[in-house]
Structures are given as C-alpha cells and as structure tokens.
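First up is the structure itself, then whatever we jot down about it.
The values are calculated or read from the model by the stated rules, or taken from the named source; none is laboratory data. Note that the coordinates shown come from a computational prediction; the quantities given were computed from them, not determined experimentally. Cβ: placed from backbone, ideal geometry, glycine included. Neighbour counts: every protein chain shown. When the accessible area is computed, the model is the full protein with side chains, heavy atoms only, and any ligands, DNA or RNA have been set aside. Shrake-Rupley method; radii C 1.70, N 1.55, O 1.52, S 1.80 Å.
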Amino acid sequence: QVQLVEFGGGVVQPGGSLRLYCAASGINFRINTRGWYRQAPGKERELVATITPDGRTTYADSVEGRFTISGDRGKTMPYLQMNGLKPEDTGVYYCKAESQTRAYWGQGTQVTVSS
C-alpha cells in the first residue's frame, strides 16, 4: 500500500524559509512525475512544483525563483525548499506521486506565513 507523509510545515514570518519533506513507502512502480501542490483556505488545490524522472522541473509563476523542488531520480519523493515566504503562500501543502495509471497524495502539512 502506497503511503505518502508530508512533514516540515509550520508557522514562519514573511521572508522566512521552510523545507518540506515527503516520506514515501510502498512504492513499487515507476513514478512518472513527483510534485508539490497546495490549497489555501477557500481556494482550489494548485500546482506548486513538479519534477520528472529526467529532472525537468516546473514551477507555478507565483513561486518561481523562491521555491526549489529537488530530489534523486529513484523512488524517494522530492523535498520543497521555500524561501522568501509570503502570507499568500499560506495553505496546506501536499506531495503527489503519479504512476501511469493513478496519482497518490499525502495527507498534507500546514504552512502558515504570518507576522
């Protein structure tokens, strides 16, 4: 059974940094794309960053230049380094692993950016 568990969230002041991690277990398939998504209160879940098996990355415009997704090309999940955090980055952050047939999500970790 695939299980993804995010950790590393918390409360940080504007301009601060956090690193989010996603612990994976039960993955015995090829992961096509790994990524991080977030959901702010009252809003839909949105893409933050993804990384493909060959290392290509994609970022939301709102986080480009501030966030970095990084990880090896195996079956571990990438971490998300978040710098220059803004109040609008507040939300629940989810990691996602995609196989050829379905997507797997973690339960999320809360990130709150507030002074």
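Under the definition of Cα pairs under 8 Å and six or more residues apart, what whole-number percent is the relative contact order of the chain?
Relative contact order here is 37 percent.
How large is the dipole of the range 5-61 about the Cα centre if only Lys and Arg carry +1 and Asp and Glu carry -1, each at its Cβ, rounded to the nearest 20 debye?
That gives the range 5-61 a dipole magnitude of about 100 debye.
Within the chain, which is the longest segment that contains none of the trypsin sites (Lys or Arg not before Pro) sitting in a DSSP loop with at most 11 other Cβ atoms within 10 Å?
Here the longest segment lacking exposed loop sites spans 57-101.
Sort the range 65-115 into rounded, prolate or oblate with this rule: let a ≥ b ≥ c be the square roots of the eigenvalues of the Cα gyration tensor; rounded if a/c is under 1.5, and if a/c is not under 1.5, prolate when a/b is larger than b/c, oblate otherwise.
In terms of gyration-tensor shape, oblate.
Just the number: Rg to Rh for the chain, Cα atoms, Kirkwood Rh, two decimals.
My calculation of the ratio gives 0.96.
With every protein chain present, what is the per residue accessible area of the chain (1.4 Å probe, Å²)?
Heavy-atom accessible area per residue stands at 54 Å².
Using only protein heavy atoms and a 1.4 Å probe, report how much of Y21 is accessible, in Å² to the nearest 10.
Here the accessible area works out near 90 Å².
Using a 1.4 Å probe on the protein chains only, how many percent of the accessible area of the chain belongs to carbon and sulfur?
That fraction is 45 percent.
Can you sort D89, D72, D61 by solvent-accessible area, 1.4 Å probe, largest first?
I get D61, D72, D89, largest accessible area first.
Between the range 1-33 and the range 45-92, what is the C-alpha centre distance in whole Å?
After rounding, the separation between the Cα centres reads 10 Å.
Given Cβ point charges of +1 (Lys, Arg) and -1 (Asp, Glu) and nothing else, what value in debye, to the nearest 20, does the dipole of the chain about its Cα centre take?
Computed charge dipole of the chain: roughly 260 debye.
Set Lys and Arg Cβ to +1 and Asp and Glu Cβ to -1, take the dipole of the chain about its Cα centre, and tell me which of G84, T68, W105 lies farthest positive.
Toward the positive end, the furthest listed residue is W105.
Arrange the residues E98, E44 by how much accessible surface each exposes, largest first, with a 1.4 angstrom probe.
From most exposed to least exposed: E44, E98.
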